[in-house]
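First up is the structure itself, then whatever we jot down about it.
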Amino acid sequence: MAIKENVQEIRRNIPVYVTLVAAVKYASNEQILELVKSGVKDLGFNTHQQLKKTRQLLTSDARIHFIGHLQSNKVRKVLQENIFLIQSVDSYSLAERINNAANELGIKQNILLQVKTDESKKHGFSALEIEEISLKINNNLKNIKVKGLMTIPPLSFNPEDSRKYFSLVQNLSDNISKKINKKLEYLSMGMSDDYKIAIEEGSNMVRIGRAIFES
């Protein structure tokens, strides 16, 4: 099945209010070009290097998401690429770096805070600290805007296993919205195997790679 048909099939499976972000980490330039031609506007990049190499393939109305771990020394370079949303802010020090770079560039940068629901992974805020951290960022860092939460649950052969993690992050999102007195706009949860379950648990943004590019 071609990329265009895969995209159409996924769109049939998600409500209109859910944003499809195509994760292009393993995609070739030819595949990214076909993806753009199929009408996908939201593209998720894991590295500045790949983004830089493929920038000329993207349409002017493309919305670029940075979804990989963002190294501190790459923050300014990434922000200069006009990023719609940095989805992987996983420490307060990184948030400070983004805030400072955004201030220097004269921009306001939209971010998501990454909640660590997989204890085997290094990156992300714990469920216990995320509410306090979000309040701290909202109050102290004026050049970034917390737009929501993102999570990557533990890998499992049964997608249903992810449900409890998605439900947890949905509840955290509601709690944070109350604390900062502002509804968080995005809940980025769900990938190729579990996006339908994520949507059932409140996700309105899914990051899909393999299911788009598999033949």
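The values are calculated or read from the model by the stated rules, or taken from the named source; none is laboratory data. Quantities reported herein were computed from a predicted structural model and do not represent experimental measurements. When we count neighbours, we look across all protein chains shown, and the Cβ atoms used for this are built from the backbone with ideal geometry, even at glycine.
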Is it the case that Leu70 is surrounded by 17 or more Cβ atoms within 10 Å (Cβ to Cβ) and part of a loop (DSSP other than H, G, I, E, B)?
yes
For the range 22-61 the number of residues that are assigned to a loop (DSSP other than H, G, I, E, B), farther than 14 Å from Ile212 by Cα and touching a helix residue (DSSP H, G or I) at 6+ places or on another chain (Cβ under 7 Å) is 2
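Tally up the residues in the range 156-184 that are of a type outside the set (S, T, N, Q) and under 16 Å from Gln114 (Cβ atoms), please. Don't jump to the end; show me each part of the working.
Step one: of the range 156-184, the residues of a type outside the set (S, T, N, Q) are 157, 159-161, 163-166, 168-169, 172, 174, 176, 178-180, 182-184.
Keeping just the survivors that are under 16 Å from Gln114 (Cβ atoms) gives 165-166, 168-169, 172, 176, 184.
Total satisfying the criteria: 7.
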Taking first residues from the range 175-189 that are in contact (Cβ under 8 Å) with a residue 24 or more places away in the chain and more than 12 Å from Met150 (Cα to Cα) and second residues anywhere that are hydroxyl-bearing (Ser, Thr, Tyr) and part of a helix (DSSP H, G or I), the pairs with Cβ under 6 Å that are 6 or more apart or on different chains are Ile176/Ser134
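Let's see how each residue does on (1) aromatic (Phe, Trp, Tyr); (2) at pLDDT 95 or above; (3) more than 24 Å from Arg11 (Cα to Cα); (4) touching a Gly at 6+ places or on another chain (Cβ under 9 Å):
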| position | (1), (2), (3), (4) |
| --- | --- |
| Ala102 | no, yes, yes, no |
| Gln114 | no, yes, yes, yes |
| Lys136 | no, yes, yes, no |
| Ser192 | no, yes, no, yes |
| Arg210 | no, yes, no, no |
Answer yes or no: is there a residue in the range 118-130 that is touching a residue at least 24 places away in the same chain (Cβ under 8 Å), closer than 28 Å to Ser28 by Cβ and within 13 Å of the chain's Cα centre (by Cα).
-> no
Gly106 meets each of (1) in contact with a helix residue (DSSP H, G or I) (Cβ under 9 Å, 6 or more places away or on another chain); (2) surrounded by fewer than 20 Cβ atoms within 10 Å (Cβ to Cβ); (3) at positive phi with one exception, condition (1)
Restricting the range 165-200 to residues that are surrounded by fewer than 21 Cβ atoms within 10 Å (Cβ to Cβ) and among the acidic types (Asp, Glu), the one nearest to Ala127 (Cα to Cα) turns out to be Asp174
The residue from Asn82, Asn100 that alone is farther than 21 Å from Ile208 by Cβ and assigned to a loop (DSSP other than H, G, I, E, B) is Asn82
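The rows are residues; the columns are (1) without any contact (Cβ under 8 Å) to a residue 60 or more places away in the chain; (2) more than 20 Å from Arg207 (Cα to Cα); (3) of a type in the set (A, V, I, L, M, F, W, C).
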site: Ser38; (1), (2), (3): yes, no, no
site: Phe45; (1), (2), (3): yes, no, yes
site: Asp61; (1), (2), (3): yes, no, no
site: Ile64; (1), (2), (3): yes, no, yes
site: Lys74; (1), (2), (3): yes, yes, no
site: Gly106; (1), (2), (3): yes, yes, no
site: Leu112; (1), (2), (3): no, no, yes
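Being farther than 24 Å from Leu20 by Cβ and without any contact (Cβ under 8 Å) to a residue 40 or more places away in the chain is the requirement here; does Ser91 meet it? Even if it seems obvious, please write down each step before you answer.
Working: farther than 24 Å from Leu20 by Cβ: yes; without any contact (Cβ under 8 Å) to a residue 40 or more places away in the chain: yes.
When the stated conditions are applied, Ser91 passes them.
Which residues, counting only those in the range 193-215, are among the polar types (S, T, N, Q) and closer than 20 Å to Leu85 by Cβ?
Residues of the range 193-215 that are among the polar types (S, T, N, Q), as a first pass: 203-204, 215.
Selection gives Ser203, Asn204.
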